[in-house]
Amino acid sequence: MAPAQNPISSQHVVVIGAGAAGLVAARELSREGHTVVVLEREKEVGGLWIYSPKAESDPLSLDPTRSIVHSSVYESLRTNLPRECMGFTDFPFVPRFDDESRDSRRYPSHMEVLAYLQDFAREFNLEEMVRFETEVVRVEPVNGKWRVWSKTSCGVSHDEIFDAVVVCSGHYTEPNVAHIPGIKSWPGKQIHSHNYRVPDPFENEVVVVIGNFASGADISRDIAKVAKEVHIASRAREPHTYEKISVPQDNLWMHSEIDTTHEDGSIVFKNGKVIIADSIVYCTGYKYNFPFLETNGYLRIDEKRVEPLYKHVFPPALAPGLAFVGLPAMGIVFVMFEIQSKWVAAVLSGRVTLPSTDKMMEDINAWYASLDALGIPKRHTHTIGRIQSEYLNWIAKESGCELVERWRGQEVDGGYLRLVAHPETYRDEWDDDELIEEAYNDFSKKKLISVDPSYYLENGR
């Protein structure tokens, strides 16, 4: 759309969540001239990157009365993307070689990501906008505005009116647990990766890990350090798959999906192999869940599809007063948060206009039809990794901001290929030094780093 002709207006906006998405949303909204309040249930910024050794009382997170823990980070977690492509566009995620408390590796630990987000919040004075230890209880539209009920950890309730709500609450809290035939009578332990922290509870056990992407690959190898055997069940594999994987402990096997489980503790895979297992770990992803949001049935979640959403951000009939930042699954995550936030901020100020409600619905329905035509399941509606650069550049053009750098997408694509091919070593061995050099030269050209790129290139090897 062409830039709007109406004058720039300032809105009173609430941002839900102070993780990476909420922080950059607050910054972009503030930069656009809006007044911003961020509501965050934790005591600090960082969102899902805040590690807690505590897990939920229900290891599968199915009990609605359970005590909810919002962190899904496990102790050994390192990023599955190179740090250069992770950072925000004007605040690079560069190593701090001068600080021994920091992790300078190219694929750093979760603690380093949290430290980076804390640095970002300090640099742009974002914490002054945040109300910590405040949980959002209910959000609903009222006479063209939005009513927000919240409650502090001390039990103090607030009832406020805002012009707009930006939801940045993440989607790594409500586990998705795969259905397995016979599981109700299977006697072993079951846990979702959301509640996995350390491998110690699985010492000398036979463990089945369901799922073999990022968290599944990591957790299976973490458990293999102490377990008797670890068997990975992957639906991405052919039914006959049965492979022994080379790890130092020589105790890891790859299978196709689980066929059935039985009350004698046995697990039968679709490749015909049978094992007696002690535990099952579900690395099967998460569901979208916004329990605080009341839209009188307009917004729905169906098989992991949040609908209807224009470009995964705006619900047409409720736009622009309600927006979501961070729903799609892609590699260039922090940059996605940033570019979506720039768009939301510009739309709310009137600098950029959205299409009509009908036109937005037409676009949404065309997107759904294209997925159907390609045979892509509804649950992958928000999985747009293959078109991430195209998607982000479309929003960037709408917002009038710079396009995503070519090297970011190339680093992500190459990193995922290495993850699949060499899950044990991809974080410490790579073949894209030319992209690292391009990234740091880009940072230098934009005056985002104060030293010569060679400082990072030489120290980082």
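Apply the Karplus curve 6.51 cos²θ - 1.76 cosθ + 1.60, θ = phi - 60°, to the phi angles in segment 236-242 and return the couplings in whole Hz, x for Gly and Pro.
Here the 3J(HN,Hα) series is 7, 9, 5, x, 7, 4, 7 Hz.
Filter 43/311; 43/445; 342/446; 397/445; 287/342; 54/189 down to the pairs with a C-alpha to C-alpha distance above 28 Å, please.
Over 28 Å Cα-Cα: 43/311; 43/445.
Report the gain in length on full extension from residue 417 to residue 363: 0.36 nm times residue separation, minus Cα-Cα distance, nm rounded to one decimal. Walk me through the intermediate numbers first.
Details: separation 54, 0.36 × 54 = 19.44 nm, distance 3.18 nm.
Roughly 16.3 nm would be gained on extension.
What list of ³J(HN,Hα) values in whole Hz, one per residue of segment 199-207 in order, does the Karplus curve 6.51 cos²θ - 1.76 cosθ + 1.60 (θ = phi - 60°) give from phi, with Gly and Pro shown as x?
x, 3, x, 9, 4, 6, 9, 9, 10
For the chain, what is the mean residue ellipticity at 222 nm derived from helices alone (per DSSP H run of n ≥ 4: -39500 (n - 2.57); sum divided by total residues; nearest 500 deg cm²/dmol)?
Roughly -8500 deg cm²/dmol at 222 nm, from the helical runs in the chain.
By per-residue mean of other Cβ atoms within 10 Å, what is the highest-first order of 325-335, 197-207?
Top of the packing list down: 325-335, 197-207.
Show the residues, 5+ positions off or on another chain, whose built amide H is closer than 5 Å to the amide H of residue 70.
Residues meeting the amide H criterion: none.
Net charge near residue 330: determine it from the other residues with C-beta under 14 Å of the C-beta of residue 330, scoring Lys and Arg +1 and Asp and Glu -1.
-1
Give a quick list of GluC sites (Glu not before Pro) in segment 282-372 that DSSP marks as loop, anything other than H, G, I, E or B, with at most 12 other Cβ atoms within 10 Å.
303
Over the alpha-carbon set of segment 278-432, divide Rg by the Kirkwood Rh and report the Rg/Rh ratio to two decimals.
Working: Rg = 17.5 Å, Rh = 17.4 Å.
My calculation of the ratio gives 1.00.
In nm, to one decimal, how far is the residue 243 label point from the residue 393 one, both placed 7 Å along Cα→Cβ?
Those two pseudo-labels are separated by 3.3 nm.
Over segment 12-91, with the other protein chains present, what is the accessible area per residue in square angstrom, probe 1.4 angstrom?
Counting only protein heavy atoms, the per-residue value for segment 12-91 is 35 Å².
First select every other residue whose beta carbon is under 10 angstrom from the beta carbon of residue 410; then total the charges, Lys and Arg +1, Asp and Glu -1.
With Lys, Arg at +1 and Asp, Glu at -1, the neighbours total -4.
Just to be sure I understand the model, the point goes 7 Å from the Cα along the line to the Cβ. What's the resulting residue 31 to residue 289 distance in nm?
3.4
Tabulate in residue order the Karplus-calculated ³J(HN,Hα) for segment 286-300, using 6.51 cos²θ - 1.76 cosθ + 1.60 with θ = phi - 60°, rounded to whole Hz; enter x for Gly and Pro.
9, 9, 6, 7, 10, x, 7, 8, 10, 10, 6, x, 5, 8, 10
Net charge around residue 182, counting only other residues with Cβ within less than 12 Å of its Cβ (Lys, Arg = +1; Asp, Glu = -1)?
Values: positive: 184; negative: 259, 263, 264.
The answer is -2.
Which residues in segment 137-180 place their backbone N less than 14 Å from a point set 7 Å from the Cα of residue 43 along the Cα-to-Cβ direction?
Under cut-off, by backbone N: 153-154.
Skipping prolines and chain starts, which residues have an amide H placed within reach, meaning under 5 Å, of the one on residue 38, given they are 5 or more residues away or on another chain?
15, 130, 131
Going by average Cβ density within 10 Å per residue, which order do the peptides 77-89, 13-25, 431-443 take, highest to lowest?
Highest mean packing first, the order is 13-25, 77-89, 431-443.
Fully extended, how many nm does the chain gain between residue 260 and residue 378 (0.36 nm per residue separation, minus their Cα-Cα distance)?
Fully extending the segment from residue 260 to residue 378 adds 40.0 nm.
Whenever you get a sec, line up 91, 162 from highest to lowest accessible area (probe 1.4 Å, protein heavy atoms).
From most exposed to least exposed: 91, 162.
What is the ratio of the Cα radius of gyration of segment 1-148 to 2.2 N^0.38 Å, where N is its residue count, to two decimals?
1.23
Report the extension gain between residue 446 and residue 431 in nm, rounded to one decimal, defined as 0.36 nm multiplied by the number of residues separating them, less their alpha carbon distance.
Between residue 446 and residue 431, full extension yields 2.9 nm more.
The values are calculated or read from the model by the stated rules, or taken from the named source; none is laboratory data. These numbers were taken from a predicted model, which means no experiment stands behind them. Cβ sites come from the backbone with ideal geometry, for glycine too, and all protein chains shown count toward neighbours. These area figures cover heavy atoms from the full protein model, side chains too; ligands, DNA and RNA do not enter into them. Shrake-Rupley method; radii C 1.70, N 1.55, O 1.52, S 1.80 Å.
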